[in-house]
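FYI, it's all coordinate maths here, none of it is from the lab. All values reported here derive from a predicted model rather than from experimental measurement. Don't worry about glycine lacking a Cβ; one is built from the backbone with ideal geometry, like all the others, and counts go over all protein chains shown.
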């Protein structure tokens with residue numbers, strides 16, 4: 001039986017499963033799901049689970065061919081996406097987290113990564129603080145370099161949202177990072193009109209698309225449910241990934257700190273990737289808030 005922590009604030013509920021990759025398995029208002037709920041029988045964090053919201057640490061999305069070179073060191077990672085041979089979404093979502101504390105409607109989780117595990121040579125500690133209020137949900141994710149050498153770092157969240165049969169969205173971005181080599185971008189481009197979501201539009205399905213220069217605000221609306229959700233990202237989250245498979249009843253709008261495969265793109269002098277380096281004993285953090293809106 002999966003052990004969970006349930007938070008309640010007014011009509012809001014959120015369920016956290018530390019052993020399932022530190023994932024939020026349900027977030028709902030008055031019984032209406034705002035994240036796609038995770039099946040109750042899911043117990044393996046390394047399995048394919050299309051639901052809830054999980055942390056992306058210490059990188060977001062894919063690293064091409066599971067390898068990169070950083071400061072003269074060639075790093076060969078364990079491939080975690082069989083179809084592409086890539087390493088995807090970091091480590092935290094496939095590991096059990098430790099409950100560091102529960103206070104009121106907040107829970108703090110930690111995960112410690114040993115140097116060399118899955119080929120990642122840098123030890124680090126990841127932290128999540130999840131807080132529920134009557135207005136919505138906030139999550140702070142952080143990574144501390146616990147080693148003696150510098151390491152690449154990236155953060156993000158991967159929420160799954162239900163379509164509820166009818167959904168619209170809008171957000172402002174400065175550029176697009178289209179997948180031109182399989183699922184991988186080669187750099188930023190202008191935003192085509194089809195992907196210009198600066199004004200409210202019906203959700204576009206069939207996307208697996210990155211955006212850069214994100215202003216930190218995105219909005220979802222489910223007209224039939226009378227609900228909306230505002231997503232607010234902190235200053236360190238400059239990119240957004242939109243994944244909306246055509247044959248599923250969910251979609252993902254992921255606030256992240258960097259472009260797909262940033263660790264390799266930056267070596268090709270591609271600008272605007274959001275790539276960051278974390279010095280020993282330093283911490284990198286980001287906060288995302290999900291605020292619920294009601295409509296008549």
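Some notes on this structure:
- Exposure proxy ranking for 258, 89, based on other Cβ atoms within 10 angstrom of each Cβ and starting from the fewest, stands as 89, 258.
- Note on 106, 257, 46, 19: ascending count of other Cβ atoms within 10 Å places them as 46, 106, 19, 257, the fewest first.
- The radius of gyration of the Cα set in the chain, together with its Dmax, comes out at 18.2, 58 angstrom.
- Footprinting exposure proxy for 122, 250, 54 (fewest neighbouring C-beta atoms within 10 Å first): 250, 122, 54
- With a simple spin-label model that places each label point 7 Å from the Cα along the Cα-to-Cβ direction, the separation between residue 281 and residue 267 comes to 3.0 nm.
- A Gaussian network model of the chain, with springs between Cα atoms under 10 Å, assigns the largest mean-square fluctuation among 73, 25, 13 to 73.
- Note on residue 199 and residue 180: the model spin-label points, each 7 Å out from Cα along the C-beta direction, lie 2.9 nm apart.
- Highest-fluctuation residue, 233, 72, 47 considered, GNM on the chain with Cα pairs under 10 Å: 72
- Highest to lowest packing among 267-273, 30-36, scored as the average C-beta count within 10 Å: 30-36, 267-273
- When the Gaussian network model of the chain links Cα atoms closer than 10 Å, the mean-square fluctuations of 90, 51, 165 top out at 165.
- Per-pair calculated FRET efficiency, R0 = 22 Å: residue 3 and residue 112 via Cβ, rounded to 0.05: 0.70
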